[in-house]
1. How much net charge surrounds residue 587 when only the other residues with a Cβ under 14 Å from the Cβ of residue 587 are counted, with Lys and Arg +1 and Asp and Glu -1?
2. Measure nothing but the geometry: give the 0 to 90° angle between the long axis through the Cα atoms of 153-163 and the longest principal axis through the Cα atoms of the chain, rounded to 10°.
3. Just add up the charged neighbours of residue 615: K/R +1, D/E -1, any other residue whose Cβ is under 12 Å from the Cβ of residue 615.
4. Once you list every other residue whose beta carbon is under 9 Å from the beta carbon of residue 375, what net charge do they have if Lys and Arg are +1 and Asp and Glu are -1?
5. Ignoring ligands, DNA and RNA, what percent of the 1.4 Å accessible area of the chain is carbon and sulfur?
6. How far is helix 402-411 tilted, in degrees, relative to the longest principal axis of the Cα atoms in the chain, given as a value from 0 to 90 rounded to the nearest 10?
7. Considering only protein heavy atoms, what per residue accessible area in square angstrom results for the chain with a 1.4 angstrom probe?
8. Would you work out which of 275, 542, 73 lies farthest towards the positive end of the dipole of the chain, given +1 charges on the beta-carbon of Lys and Arg and -1 on that of Asp and Glu, about the Cα centre?
Amino acid sequence: MKPHRFLFGLAACALAVAFARDGIEHWIARTALPVTLAETSVEMLGRDGRLMRAFDVENGRVRLSVSPGAVDPEFIAMLIAYEDKRFWDHGGVDGYAMVRAVGQVLVSGRVVSGGSTLTMQVARLLENGSTGSLQGKMRQMRVAWALESHLSKSQILHLYLQHAPYGGRIEGVRSASQMWFGKDPGRLSPSEAALLVALPQAPETRRPDRFPARALAARDRVLARVGAAPSNARVPTEMRPLSRLAPHLADALRRTDPATATWHTSLSPSLQIKMENLVRTHAARLPRGASASVIVADHSSGEIIARVGAPTYSDAAGALGFVDMTRAIRSPGSTLKPVVYALAFDRGLAHPATLIADRPTRFGSYAPQNFDGHFRGDVTAREALSLSLNIPVVALTEAIGPDRLMATLRGFGAKPHLPSGTPGLAIALGGVGLTLEDMVQIYAGLAQGGHTRRLSDRGPQELGSRVLQARSVWQVGDILQNVPPPAGARAGLAYKTGTSYGHRDAWAIGYDGQHVIGVWMGRPDGTPVPGAFGGDHAAPLLFEAFGRLKDGYTPLSPPPPDALLLGTAELPLPLQRLGGAQTGVAGPQVVFPPDGAVLGGRDAVVKVHGGALPLTVLLNGAPAATGQRTREVDLGALDVGYSQISVIDARGQSARVAIEVRP
């Protein structure tokens, strides 16, 4: 052959190959790729990252999002070694594997090994295509080549890990790891990893809950193929349901923003399990149709760490379990009484040792009765709160003013609901609508020394503004932690119970130096639960919840320096009895500073007209000057901010002004 003819032939062959190559590349480039983005389950995670709730995607499938970095590297290595050992090198179709598979068919007359690569399997999964026809196989090859030209190997591996079928409605290795082993795929044992490598090849006929022998044999073949040690571990006998902890919260979060794929919460999964089991146990003792709910919060950080909306997430036994009773507006009964006493102490109207009359009293047209129908005469404020008497707290509410009580509730972050729109004295006994969330929020403020601390399911919160003085809330906490606990419970928890009118709601809310827990019991439809009392039903659940939370109680803060630890006889005369002596003599009048004044300096001189000497001056409820026989009293330097100055004369008559001191 002449040289020029040889060169011409070689050039022609090269040109033919180039045309064929260009044609194939053009054919691949024109491939209509399937959608690679797929919906994954909306998830709610606990504070430790554990899955607490996952929602189904289309057709009831479970497809938890997964990334290769969150999967055990040994599983990845085992998958590639068993399914596609040249995955990192080929361009989508492994020619060696394809030739081997065809040769085995020709020699043995049956399929011995498949020639599909992981990329080809991804192509089939994305298109839900067939593997049993030549046309289907050619389509997979074309899509595989196209995928390799558009995506990285890591992206293709991610698609396999996200879409591989594992039996039933399970898609993706993370879903499979959760539903077959109850764990994330970053903690798989070799035998568990081998089963998950084997399952996608025949996800229904190798399901370990239905065909355990086939599943075991397939798992052992994977272990043998990759040279791993044989395993004596059993395959799982049932498909686990996905975690459904705190389902009411998950529903609420999803309604808030349906587009969010993953919700990170402050809830503790292990504590949530304990609280849900505890609520179910106690609710089983209640009459048919009754429900219960619990909120556990760390008031030192503002994090809600457990939340149970109902005993069961169903309507079984008529309990309306899909209703989240942590957010339902109910009557709080007597659980608002500590706030009333804290306000009274804060404003210098009373002290824990102040005497208050507990006798039949009419407040205009309102004539409240004690819960037991009995009256006890003169009692101290400490006794009145400990015994949860009604007459004394209504008297204090009248002195404070219902509007101020409502403002204090809102200041703590609650959202009180008044159908009439006008607060009356009955709010002290539960005549206002509040949720369990609201009540736990209020008690968190008491536990935080009078500061508001917004509670959240989403993470720590900053300490807010001061609502009440530390002295006042400490005095209330000191009273509440000395209330006798239920039989068999550990003493020392500051707590209060409440029962609404008609036995519709039973409450118990308590706190120590770190945590606050609120309990509600009743019927979601608001009908009475005869015989239900906060002390008999809700309080035992409260104390048991603290027992499940931790051993013992975190101590409350020590008394502030300005707390008066005195008996009744040692108090200033105006504080010895609520209202002091009534004489009809003209009382004192603060002429300077006037009510609402803003002082530019920090020194304050109080000027008083009228009233019987000597005078007592209180600053923010604490004695600032006593036995004063002049009508000008120098209080010295005042703290920047809002203050209340009260003047009480020798006959117990008083006047007060509110001022602001600015730097």
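1. +2
2. With rounding to tens, the tilt is 70 degrees.
3. Charge balance near residue 615 sits at +2.
4. Residues near residue 375 contribute +1 overall.
5. Using a 1.4 Å probe with all protein chains present, the chain comes out at 54 percent carbon and sulfur.
6. Between helix and principal axis, roughly 30 degrees.
7. 45 Å²
8. Selected residue: 73.
The values are calculated or read from the model by the stated rules, or taken from the named source; none is laboratory data. Predicted model, so just to flag it, every value in this text is computed and none were measured. Cβ sites come from the backbone with ideal geometry, for glycine too, and all protein chains shown count toward neighbours. Just the protein is used for accessible areas: all its heavy atoms, side chains included, with ligands, DNA and RNA removed. Shrake-Rupley method; radii C 1.70, N 1.55, O 1.52, S 1.80 Å.
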